[in-house]
Amino acid sequence: MQYKSLKIENFRGINKLLLSDFKQINLFVGENNCGKTSVLEALFLITGVSNPQLPMTINQLRGLNYTLGDDRDHLLVYHKLDYNNTIFLEAKEINKTRSLKIMPHIQSGNNEATTTIGTNEFEKLSVNTLTKNKLVDGYSYEIIVSRNGKSEVYKAAIYPAGLIYNQDIPKKYVETINATLVNPVNVLNQLPHNLNTLIKNKQIDKVVKVLQKIDLSVSNIIVGTDNLIYCDTGLPQLIPINVMGDGIRRALSLTVTIANFTNGCVFIDEVENGFHYKSIEVLWKAIFEASKEFNVQIFATTHSMECVKGFYSSYVFDKHPEDENEIMLYRLEKNSEQLVAHAFNHEMLKIAIDNSWEVR
């Protein structure tokens, strides 16, 4: 397990939020637009503290494909679309704490005393009384890593420089956690590539071992020359994964993703999306098995009660005596301007499900 807690300030729609007591597998629930995806994105950013390109990445994953340069685009990650709201993220690990401040990067030369304006700018009609001083063109990072009472400070930034981008990355910082943020679309798109990586690294046997918990007939998985994925189920010919049911295909895609981030973290948005409710337990069994097999901490979101029930029943199905603290469910609620998280351990979750409490 990598993370124990997370603090979020001034990120997207979240003013302040503290999440504590993370487990190996963590599920976030709540109404639409309550901040579930933003929590995953915050975890993604704090894990990639030395990669200032990630604020662009999380916007692109939401379908906003823009490039650096337009200052309005950069507002989207700041609370209330205000650059004065410095983003602050802090995550506690077992033996250290990492924090990240994300601030606007200001165009070089744009200050209150001097502004350089090209001749072509004067040829444009100005209908705004405000000057274009201090335009935001990227992101500036301040990173602090604390361990045993000692802190190390690093800087990072990304901003355009002519037709290319400058990315200032701290040279002495070495990331110890490998992580990814996936949604129902990109996890399937990446499946052939991720599977080939495991085949080349001779790790496919571990993936097959996980899938056999779902379907005992699966003895091997390969990627064909036609880029289709085939399973060996003991029949005279290989079977395309597409005809084995959507549950097994999506379970494979998440298992393969988890396997590619051994000893790291995987953040899964809308984990139930595209699944028939009868396949939810298949999905969760694959996630639980893969998390154990590859030692990966899982954080996922859902707004489906069927997914919550499948989450708990899969935990019970494959529970081991030492796994009492393996899962945690967090219900996010917006109370006026404040986002609040209510934590349910496995015992509380059982009571909630047995009594038909609304935990979504």
Does Val208 fit the bill of being without any contact (Cβ under 8 Å) to a residue 40 or more places away in the chain, out of contact with any His (no Cβ under 7 Å at 6 or more places or on another chain) and aliphatic (A, V, I, L, M)?
yes
Given the conditions (1) assigned by TED's automatic domain parsing to the domain that holds Tyr315; (2) over 26 Å from Thr302 (Cβ atoms), and given that Tyr139 satisfies all but one, which numbered condition is not satisfied?
(1)
Residue tally, condition in contact with a Pro (Cβ under 7 Å, 6 or more places away or on another chain) and among the aliphatic types (A, V, I, L, M), over the range 144-173
3
Complete set of residues in the range 81-101 that are polar (S, T, N, Q) and in a strand (DSSP E or B):
Thr97, Ser99
Find the helices (runs of 4 or more DSSP H) located wholly in the range 208-317 whose residues include 2 or more that are of a type outside the set (Gly, Ala, Ser) and farther than 16 Å from Asn189 by Cα, and list them.
280-294, 305-317
Could you look through the range 55-82, keep only residues that are loosely packed, with under 15 Cβ neighbours inside 10 Å and modelled with pLDDT under 85, and pick out the one that is farthest from Leu40 (Cα to Cα)?
Asp70
Does Ser151 fit the bill of being at pLDDT 95 or above, outside any loop (DSSP other than H, G, I, E, B) and more than 30 Å from Val271 (Cα to Cα)?
yes
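The values are calculated or read from the model by the stated rules, or taken from the named source; none is laboratory data. The shown structure was predicted, so the numbers you read here are calculated from the model rather than taken from an experiment. Positions of Cβ are backbone-derived with ideal geometry, glycine not excepted, and every protein chain shown enters the neighbour counts.
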